[in-house]
Amino acid sequence: MITPNPIQGEAALPLFTRRRFLIGSAVGCGSFALPSLGAAAQSPRADRPHDRLITIVMNGGMDALGVIVPHGEQGRLVAARPALHVPAPGQPGGAIDLDGFFGLTPAAAPLLGAYQAGELLFVHASGLADGTRSHFAALQRMATADPASAGGGDGWVARLLAARRPAQSGELRALTVGVSVPREHRGLASSLALISPTNSRFPGAPGHVAARREAFQRMFDATAPELRNSAEVAIGAMAKIGAVDFSGYVPANGAQYPVTRQGRAMQEIATMLKADAPVETYHYHSEGWDLHAQNDPSGPNLRALLEDLTASIAAFHQDLAGSSVGYTLVVQSEFGRRLAENASWGTEHGHGGAMMIMGPRIAGGRVDADWPGLAPQQLDQGDLAISIDHRDVLAEVAQRRLGATDLNAVFPGYAPRFRGVTV
């Protein structure tokens, strides 16, 4: 029962407000406390044993052949993509050479700083060890990293955190900057989605925050355990994330984030990392990569997506450079696009794609590839073949940067082959 005073007129929030308050929270367990970030937590902890994980999913199928361009096979690219191919390095609008074989499309040029600093790695011809070209199936299977589950099991990030240590009651361990908890976090009792962490303070007059929290706690104490436990995570998160000084944050090293949803999300994540917010993994879902038409890397559609994504990542890297924050950023898409362009100057769903891995302990400044080739007999049903299972990359990051000791618990039944993606 809610006591009307001293918060009469404020605590009795309407039902729709209470429901919105809980959107995105996962199921927790037991009782909870409401610690907030004190002054000492405003500087990062140098003794933190594991990296914080940031995952970005490029939803829709990013055209890896048009972004990390294998210009070493330029003749085949031109033949298959007469309108869409990226010109060779040295040509007008040409790829920016990386290693003599691969190059970046010009719209992805912001990534060069992190790449040249040796902290950004591209993993090409990578992806799911699965033949699906369905968005729904591929996204689910990528998120679980367990093809045997057909996408129906827990997310790989959820298994990673569960294997590392049991969750504490009401604890927030995984945060999505967006509208919904991703499949990667499915099965995790301490995951939350916030559209804008900047606006996550407990609503209402500051002088009555403690009383309103207590009222909400009592209100949900009388509900079913699942709802009560979800409330514990959500209310606790408001205390913790709400204590971060987002408004006073100034990016370091002259970093400038794009004034976009993604740029804002990456700045918010950087702010929480530097404030040592009690979150172990962050997620962002990048939409719009399913370009069946007008997929020219120099045209407005793909170029806008790339400029937003790469400028956001580049600003994040610049902002955190020289800090004591340990992080690993993993960017991947459910699959790539077909080699051949279609009649609409686009590309259909393909197979092999590319991952981007960034962080101060990543062996970057290179493109890692067991290149399968683009000759007709080397393709997989007309698509770039997958020669690197994405679990090889994720497993190495999980063990060497994220503290996983039992990889079979994270990637069931799979024996990964480490590729030296970490240092």
Ordering 178-187, 255-264, 54-63 by per-residue average of other C-beta atoms within 10 angstrom, highest first, gives 54-63, 178-187, 255-264
Given a Förster distance of 45 Å, the FRET efficiency implied by the Cβ-Cβ spacing of residue 408 and residue 91, rounded to the nearest 0.05, works out to 0.40
Compute the distance in nm between two label points, each set 7 Å from the Cα along the Cα-to-Cβ direction, one at residue 116 and one at residue 129.
-> 3.8
Give the calculated FRET efficiency between residue 99 and residue 210 to the nearest 0.05, with a Förster radius of 45 Å applied to their Cβ-Cβ distance.
-> 0.20
May I ask for the net charge around residue 371, where only other residues with Cβ less than 15 Å from the Cβ of residue 371 are counted and Lys, Arg are +1 while Asp, Glu are -1?
-> -3
Output ordering of 244-250, 143-149, 369-375 (per-residue mean of other Cβ within 10 Å, highest first) is 143-149, 369-375, 244-250
Once phi is turned into ³J(HN,Hα) by the Karplus curve 6.51 cos²θ - 1.76 cosθ + 1.60 with θ = phi - 60°, what whole-Hz value does each residue of the range 410-421 show in order, with x for glycine and proline?
-> 8, 10, x, x, 10, 9, x, 10, 5, 10, x, 7
Residue 96 long-range amide H proximity, modeled H, under 5 Å = 104, 105
For residue 366 and residue 417, calculate 0.36 nm times their separation in residues minus their Cα-Cα distance, and state this gained length in nm to one decimal.
-> 16.5 nm
Cβ density ranking, 10 Å radius, fewest first, applied to 284, 414 yields 414, 284
With θ set to phi - 60°, apply the Karplus curve 6.51 cos²θ - 1.76 cosθ + 1.60 along the range 329-345 and write out the HN-Hα couplings as whole Hz, x wherever there is a Gly or Pro.
-> 9, 10, 10, 8, 10, 5, 6, x, 10, 5, 5, 7, 6, 9, 6, 9, 6
Would you mind computing, in nm to one decimal, how far apart the modelled labels at residue 83 and residue 199 are, each placed 7 Å from Cα along Cα→Cβ?
-> 4.1
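Each value in this text was obtained by applying a stated rule to the coordinates, not by laboratory testing. Worth saying up front: this structure is predicted, and the values here are computed from it rather than measured. Ideal geometry is used to build each Cβ from the backbone, glycine not excepted, and the neighbour counts take in all protein chains shown.
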